[in-house]
1. Restricting segment 279-323 to residues that are charged (D, E, K, R) and modelled with pLDDT of 95 or more, which is nearest to VAL170 (Cα to Cα)?
2. Name every residue in segment 136-164 that is farther than 17 Å from ASN88 by Cα, touching a residue at least 60 places away in the same chain (Cβ under 8 Å) and touching a strand residue (DSSP E or B) at 6+ places or on another chain (Cβ under 7 Å), in order of residue number.
3. Go through (1) closer than 17 Å to LEU316 by Cβ; (2) crowded, with 24+ Cβ neighbours inside 10 Å; (3) among the aliphatic types (A, V, I, L, M) and name the single condition ALA255 misses.
4. Restricting attention to segment 245-264, which residues are in a strand (DSSP E or B) and either under 19 Å from GLY129 (Cβ atoms) or hydrophobic (A, V, I, L, M, F, W, C) (or both)?
5. Does ALA247 count as over 19 Å from the mean Cα position of the chain (by Cα) and without any contact (Cβ under 8 Å) to a residue 24 or more places away in the chain?
6. Take SER238 and decide whether it is modelled with pLDDT under 95, touching a Leu at 6+ places or on another chain (Cβ under 9 Å) and hydroxyl-bearing (Ser, Thr, Tyr).
7. When you check GLY147 against the structure, is it at pLDDT 95 or above, under 25 Å from ILE235 (Cα atoms), within 17 Å of the chain's Cα centre (by Cα) and surrounded by fewer than 23 Cβ atoms within 10 Å (Cβ to Cβ), yes or no?
Amino acid sequence: MRATVLCTALVVAAACIPVDRKPPASDVADTADASSPADTVAAAPVPAPSPAPLAQGASKVLTVAGFSTPESVLHDSVQDIYFVSNINGSPTAKDNNGFISRLRPDGAIENLKFIEGGRAGATLNAPKGLAVFGDTLWVADIDMVRGFNARTGALVDSVKLDSAVFLNDVAIAPTGAIYITDTGIRFDDVSNVLHPGPDRVYRIGPDRKVTVAARADSLGWPNGITVDQMGKRFIIVSFGAAKTVLAWKPGDRSAHAIAKGPGQFDGVEMAGARLLVSSWADSTVSAYETGQEVKVITGVPTPADIGYDAKRNRVLIPIFGGNRVEVWQLQ
């Protein structure tokens, strides 16, 4: 995100990835530490699909207003509903006024404040990345990861990450191990963006044990994270000056760059074989499945943590600075 926009809007967006409720169909081995069990994504024994052709663009089909600093959109394929996280203020303030919305695929807001900080025992300060596993909706919230029942909104779990600086996006292995990026940023008294670091990826095991799965400057202010099932790896996008799209496997000492682009990357999604990334630098969503940037959607200012609706082949874009969600049909 641009520093000038961040100073005005007080945000750094996250990238979250929807995860199927049943184990998906490929393997990601997790060796985050010697005592951790392996987290695997098991694939059905079917031939790998052919690589998708280069993206040919998209058309906007819906614009839904009425949100408050929307940071992430997630498609829950089981309920066929879109969850939208709303920071509703500063991304670092523990003000307990954040909320999660339920948005229907036809554009109707089913429940603007499905989960609301300060109501029904819920605490939500500045909710960012979202992921669903089983019946639990997981939310990154500054230095906490909170779990809510995806159907009722009731709080079911929470995990404190004591040393976290700025938790951003969430991805989940089929075993239930949760991976969260820490972008490592803060704001000073006049809303300038600072980066004290460190740049990290945390792991929360199914036993709720917290470990640092990766820590390196090469993560470049890690923002969005998702599972690439076909590549048996995680994809991480950097918001910092490196302008990199990274591939990483738990246990690897460092991530490696697989593409570069305009930078200020936020959301990342796998749309089949197509790797989609949102960028604040040039207000786009681009495809990187060949390693080369192919612009798919343009003219989307402050595109935060994008989602993907596989049922309809749609990209879901929270327009952070515009308090709206745009839905684009991929061609």
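The values are calculated or read from the model by the stated rules, or taken from the named source; none is laboratory data. Bear in mind that the values here come from a model prediction, so they are computed numbers and not experimental data. Counting neighbours? That spans all protein chains shown, and the Cβs are built from the backbone with ideal geometry, glycine included.
1. So the first thing to find is which residues in segment 279-323 are charged (D, E, K, R), and the list is 282, 289, 293, 295, 305, 309, 311-312, 314.
Cutting the leftovers down to modelled with pLDDT of 95 or more gives us 282, 293, 295, 305, 309, 311-312, 314.
Numbers: ASP282: 24, GLU293: 24, LYS295: 25, ASP305: 10, ASP309: 17, LYS311: 21, ARG312: 23, ARG314: 20 Å.
The extreme case among them is ASP305.
2. LEU137, ALA150
3. Of (1) closer than 17 Å to LEU316 by Cβ; (2) crowded, with 24+ Cβ neighbours inside 10 Å; (3) among the aliphatic types (A, V, I, L, M), only one is false for ALA255: (1).
4. If we filter segment 245-264 for residues that are in a strand (DSSP E or B), which is where we start, we get 245-248, 256-260.
Selection gives VAL245, LEU246, ALA247, TRP248, ALA257, ILE258, ALA259.
5. Working: over 19 Å from the mean Cα position of the chain (by Cα): no; without any contact (Cβ under 8 Å) to a residue 24 or more places away in the chain: yes.
Taking the combined requirement at face value, the residue does not satisfy it.
6. Values: modelled with pLDDT under 95: no; touching a Leu at 6+ places or on another chain (Cβ under 9 Å): yes; hydroxyl-bearing (Ser, Thr, Tyr): yes.
Criteria not met by SER238.
7. yes
Conditions tested, residue by residue: (1) surrounded by fewer than 24 Cβ atoms within 10 Å (Cβ to Cβ); (2) assigned to a strand (DSSP E or B).
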| site | (1), (2) |
| --- | --- |
| VAL84 | no, yes |
| LYS94 | yes, no |
| LYS128 | no, no |
| ALA164 | yes, no |
